[in-house]
Amino acid sequence: MRLISTLGIAAIVALVAIATAFSMAPPRVNGTVGPGFTISLKKAGKLVKTLKRGRTTFVVSDKASIHNFHLKGPGLSRMITGIGFTGTKTVTVLLKRGRYTYVCDVHPSIIGHFRVL
């Protein structure tokens, strides 16, 4: 009987550990550039205005080979997609407090901003 209780407790501890590991996945945001002269960054379908500091996964869909998606901020300059590329790329970056910009370097009027708190 004691063995069954011990195994039951061990199983519960293992399930809690697994659930905690899955909940620690970084938040995910979705960026899009093109096909026209547009760029956006959304989370759950809403335009991103603020994010929490820490690791964040960016999934960027580049729909035009004439654009790129360049993320810039405190201690960060990451070209997620480049000129000539169309498709989707996924990267995880460490965001620090401050103001961030995502921009097409070829067309600097295609630009967006968000803050990290």
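The values are calculated or read from the model by the stated rules, or taken from the named source; none is laboratory data. No experiment lies behind these values; they were computed from the predicted model shown. Virtual Cβ from ideal backbone geometry, glycine too; neighbours counted across all protein chains shown. Side chains are part of the model used for accessible areas, which takes the heavy atoms of the whole protein and leaves out ligands, DNA and RNA. Shrake-Rupley method; radii C 1.70, N 1.55, O 1.52, S 1.80 Å.
With K and R counted +1 and D and E -1, the other residues having a Cβ less than 14 Å from that of K42 yield a net charge of +4. Per atom type, region 24-117 shows carbon and sulfur on 55% of its accessible surface, probed at 1.4 Å. Net length available on complete extension from K42 to A25 is 4.3 nm, with 0.36 nm assigned per residue and the Cα-Cα distance removed.
Straight-line cross-link reach from K89 at under 19 Å between alpha-carbon atoms covers these lysines, not counting any fewer than eight positions away in the same chain: K42, K43, K63, K72.
The residues of region 24-74 expose on average 54 square angstrom of accessible surface per residue, using a 1.4 Å probe on protein heavy atoms.
Taking +1 at the Cβ of each Lys and Arg and -1 at the Cβ of each Asp and Glu, which of V59, V93, F69 sits farthest along the dipole of region 58-117 towards its positive end, judged by Cα position relative to the Cα centre? Sorting the options by dipole projection puts first V93.
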